[in-house]
Structures are given as C-alpha cells and as structure tokens.
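*Asks:* Can you read through this structure? Questions will come right after.
The values are calculated or read from the model by the stated rules, or taken from the named source; none is laboratory data. If you're wondering where the values come from, they're calculated on a predicted model, not measured in any experiment. So basically every Cβ, Gly included, is an ideal-geometry build from the backbone, and we count neighbours across all protein chains shown.
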Amino acid sequence: MMQRIECLRHLASLRKDELAITHMGVTATEWLVVTGDRDKTFYMKSSMGMVSSFGIGLSLTLPHRQLWAFDGDGSIIMNFGGILTLAEQQPKNMHYFILRNYIYESAGGQPIVNIQKTDFVGIAKAAGIKNAYGFSDLEAFKREIGNILKKDEFTFVVLDVEKAAGKYDVYPADPIEMTYKFGRYLEQSEGISVLK
Amino acid sequence: MEIVTETGKDVKTGLNELRPLPAQFIKDELVKAGVKVVVIIPDSRIKDLYKLISAEKQWKTILVAKEDEGIGICCGAYFGGARAALVMANAGFLTVGYPLATLSMFHRIPLFMLISNRGTIGDTAHFQEYQGILTKPVLDAMGVRNWTVDTVDKIHNVGRAIEHARLYKRPVAVLLEDEVLDKSEFGYIKGGNI
C-alpha cells in the first residue's frame with residue numbers, strides 16, 4: 001500500500017500542462033496540497049462517479065490536451081457501466097487513475113462492497129481496455145509511470161493507497177468559482193469560447 | 001443526403017403527400033445549433049431519430065451504459081467549448097437526478113436534454129404510465145426549465161432550448177410527445193387529421 005499523497009506528489013512533479021479532474025474526497029484535497037492548482041484542475045466537488053464520464057466529454061472535445069482523471073473506488077462503482085464506455089471510447093489523451101483506498105474515506109471510513117475481491121485491473125482488461133496497470137509499491141510506480149504516461153493511448157491505472165494520516169485545512173474552491181476558473185483558463189489557453 | 005419521408009395528409013388541403021419525418025426536422029435543429037457531441041440511449045419511439053443521429057457526421061455519437069453518464073459527458077464537453085445533447089427516454093431521465101443536481105446545477109454548467117416523453121397522450125405504451133406521469137412534475141420540482149414539443153410546428157424550440165441553456169447557464173429539457181415521435185403501428189394512437 002502506498003501513501004496517496006506521495007503518488008500525487010510524484011505525478012505533480014511530472015506534470016507539464018496536463019489538465020486534471022478529480023472526484024470529491026480526500027484525493028481532491030491532496031492534489032490541491034501538492035499542486036496548489038485552481039485553474040487547470042476541475043475538482044468535481046459533489047458528484048460521485050462522474051469522473052470517467054466528464055473525462056470522456058472533456059478529452060474528446062480537446063483532443064490535443066492531455067487529461068489526468070483521478071477517481072476513487074467507491075466512486076467508480078457508482079458508475080460501474082462507465083467502465084464500458086471508457087473501454088469503447090479509450091480517448092488517446094486521457095489517463096485514468098483509481099486511487100483505491102478500499103473505503104468511503106470522506107464519509108467516515110465505511111467499507112466498500114466486495115472491495116477485497118474486486119480486481120479493477122482485471123475488470124478493465126476484460127472490458128477490452130488495453131493498457132490497464134496496478135501498482136501497490138511506490139518505487140515501482142515512480143519507476144514506470146513516466147513511460148506509461150508517454151503512451152499516446154488511453155491508460156487505466158489502479159493505485160493501492162492508504163487513507164490519509166491526518167486532516168487538511170484547505171479545500172478546493174466554491175463550485176461556481178471552479179467552473180469560471182477552469183472555463184476561463186481553457187478559453188485563454190485554447191482560444192475557444194466556453195462560458196459564453 | 002436521403003430525406004426519410006412518410007405519407008401524410010396535409011391538414012390544410014386534405015391532400016396526401018410525402019413529407020419528411022419529424023425526426024428529420026429534430027435532427028436538423030441539432031445540426032443548426034452546432035452540436036458536436038450527442039449521447040443517445042435507444043427508445044422505441046425515437047428509432048428514426050436514433051438512425052439519423054448515428055449517421056450524422058457533424059458530431060460524435062457516444063453510446064453509454066446508463067443515462068447518468070450522459071450528464072457527465074455533456075458537462076465535460078462544455079469545457080471543451082462544445083454544444084452537447086443528451087437524448088433519452090423519460091425513464092432514463094428519472095435515473096439522472098443525482099448528477100443533474102450535483103454536476104450541472106451545482107457547478108452551473110449548461111445542459112440540454114432531449115427526452116421522449118413516453119406514456120403521455122397518443123402513446124400505446126401503457127406500461128410507461130409512471131414515466132409519463134412523473135417526468136414533467138419532477139423536472140418542474142427540480143427547477144429544470146422544460147418545453148413540450150408535440151407538433152411539428154414546435155420543433156424549432158429544440159434549437160432555441162439549446163441556446164436558452166447556454167444563455168441562462170442552466171439545465172433544460174425538451175419533451176418530445178405525440179406527433180413528433182415515431183408513428184409505427186405499435187407506438188402511436190392516431191388522432192385528428194394526421
């Protein structure tokens with residue numbers, strides 16, 4: 001099992017101008033802690049399960065931008081059919097991570113159904129997702145993730161992580177502020193019209 | 001491009017004539033609005049519309065397992081600067097309450113839903129009773145502006161609803177009913193001069 005914040009810290013060190021989206025919960029807070037990013041990241045503050053779908057919509061309409069999507073195990077199973085949609089679309093510019101902590105961490109640590117037996121990498125492969133990887137050792141993750149992210153193909157990465165050691169003081173912004181910041185950033189960097 | 005037609009009686013002159021299917025006009029509204037992403041889940045009275053949407057090159061047609069994915073996809077597409085449409089039956093609408101409220105409404109992301117309102121007047125699907133009874137009240141209760149398109153002359157509201165969503169930054173719905181849905185023998189109770 002790895003420390004989630006260390007995995008995110010390593011990814012932040014590799015980040016150039018990739019967009020990021022995260023599900024609600026401690027992942028969002030830890031990503032904000034390691035990146036301080038309020039422009040290029042959309043923190044899906046409330047909707048569990050929507051990371052894979054939102055990511056598909058965003059990556060298909062901005063095909064030349066890389067997208068890192070951070071989801072949780074409790075979240076992905078709320079939109080379990082979304083794995084099939086990911087498998088059909090497999091956007092080349094999207095890299096999808098499950099930060100698998102085995103519990104509903106933000107709600108108080110309750111267990112997730114069948115979580116000890118569920119093999120997300122196996123499920124992804126069985127659905128036809130070609131690049132499905134699982135990591136539970138931080139050194140192996142650090143060694144290999146750079147090459148995985150360089151692929152011009154959709155990747156599905158499951159990270160076995162522990163729950164956070166303590167509590168954090170920061171939290172991503174107000175939902176409407178987030179829409180405007182992310183939207184304005186994309187308008188500026190892509191020359192598109194988003195909020196009009 | 002082949003225009004798919006049906007034979008119908010013109011109301012004013014009483015003459016039989018060939019005319020395009022309502023689905024053709026509905027699809028044309030999406031084309032005119034500049035839609036670039038369509039998420040569509042099949043329904044037995046939008047079979048014509050499904051065929052026309054799948055064949056259109058202007059947008060990417062995305063298939064999903066469940067309708068709530070469509071909410072996520074359309075909201076993501078918004079940030080890519082694209083207009084999107086979620087086309088589904090009202091049964092599908094009844095499943096999307098959570099992401100509709102927590103993604104579209106909470107983050108104030110415009111969203112356009114095109115809903116075949118089954119179980120309403122002219123529909124033989126009596127087993128869709130509650131879909132027909134509940135859909136409009138639920139939309140109204142959630143504060144989702146909605147407009148019913150049940151005759152061909154109202155189809156222009158499809159494009160206007162897409163613009164309304166963007167201007168007002170809200171989710172909206174167009175409810176397709178009665179004469180604009182497929183008129184196969186199974187689905188449709190005839191009425192009036194049509």
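*Asks:* Give me the helices (runs of 4 or more DSSP H) completely within region A:57-144, filtered to those with at least 2 residues that are of a type outside the set (K, R), modelled with pLDDT under 95 and closer than 27 Å to A:Q3 by Cβ, ordered by residue number. Break it down stepwise before answering.
*Replies:* Details: elements: A:73-78, A:82-89, A:120-126.
Where helices (runs of 4 or more DSSP H) fall fully within region A:57-144 and carry at least 2 residues being of a type outside the set (K, R), modelled with pLDDT under 95 and closer than 27 Å to A:Q3 by Cβ, they are A:73-78.
*Asks:* So, in region B:97-126, of the ones that are crowded, with 24+ Cβ neighbours inside 10 Å and within 15 Å of the chain's Cα centre (by Cα), which residue ends up nearest to A:T41 (Cα to Cα)?
*Replies:* By that ranking, first place goes to B:L111.
*Asks:* Give, as residue ranges, the helices (runs of 4 or more DSSP H) completely inside region B:83-168 that count at least 2 residues that are among the basic types (K, R). First the steps, then the outcome.
*Replies:* Details: elements: B:90-93, B:129-142, B:157-168.
Correct list: B:157-168.
*Asks:* Look at region A:42-56 and say how many of its residues are modelled with pLDDT of 95 or more and either under 20 Å from A:A173 (Cα atoms) or among the aliphatic types (A, V, I, L, M) (or both).
*Replies:* In the first step, residues of region A:42-56 are kept if they are modelled with pLDDT of 95 or more; the result is A:42, A:50-56.
Pick out the ones that are also either under 20 Å from A:A173 (Cα atoms) or among the aliphatic types (A, V, I, L, M) (or both) and you get A:42, A:50-51, A:54-56.
Summing the residues that are modelled with pLDDT of 95 or more and either under 20 Å from A:A173 (Cα atoms) or among the aliphatic types (A, V, I, L, M) (or both) in region A:42-56 gives 6.
*Asks:* Starting from region B:106-131, take each residue that is within 14 Å of chain A (Cβ to nearest Cβ) and list its partners that are assigned to a helix (DSSP H, G or I) and small (G, A, S), counting only C-beta distances under 7 angstrom and pairs at least six apart or across chains.
*Replies:* Within 7 Å, the pairs are B:P110/B:A165; B:L111/B:S104; B:L111/B:A165; B:F112/B:A161; B:F112/B:A165.
*Asks:* The conditions are (1) surrounded by fewer than 21 Cβ atoms within 10 Å (Cβ to Cβ); (2) within 14 Å of another protein chain (Cβ to nearest Cβ); (3) in contact (Cβ under 8 Å) with a residue 24 or more places away in the chain; (4) touching a Phe, Trp or Tyr at 6+ places or on another chain (Cβ under 7 Å), and A:A173 fails exactly one of them. Which is it?
*Replies:* (4)
*Asks:* Restricting to region A:9-62, name every residue that is away from chain B (no Cβ under 14 Å), closer than 19 Å to A:S189 by Cβ and of a type in the set (S, T, N, Q).
*Replies:* Within region A:9-62, just A:T35 meets the criteria.
Conditions (1) at the interface with another protein chain (Cβ under 10 Å from one of its Cβ atoms); (2) β-branched (V, I, T); (3) closer than 25 Å to B:H107 by Cβ; (4) assigned to a helix (DSSP H, G or I), marked per residue:
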| site | (1), (2), (3), (4) |
| --- | --- |
| A:V157 | no, yes, no, no |
| A:V161 | no, yes, no, no |
| A:K181 | no, no, yes, yes |
| A:K196 | yes, no, yes, no |
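*Asks:* Taking the conditions exactly as written (part of a loop (DSSP other than H, G, I, E, B), over 22 Å from A:N131 (Cα atoms) and among the polar types (S, T, N, Q)), does A:S46 satisfy them or not?
*Replies:* Working: part of a loop (DSSP other than H, G, I, E, B): yes; over 22 Å from A:N131 (Cα atoms): yes; among the polar types (S, T, N, Q): yes.
Considered against the rule, which asks whether it is part of a loop (DSSP other than H, G, I, E, B), over 22 Å from A:N131 (Cα atoms) and among the polar types (S, T, N, Q), A:S46 comes out as yes.
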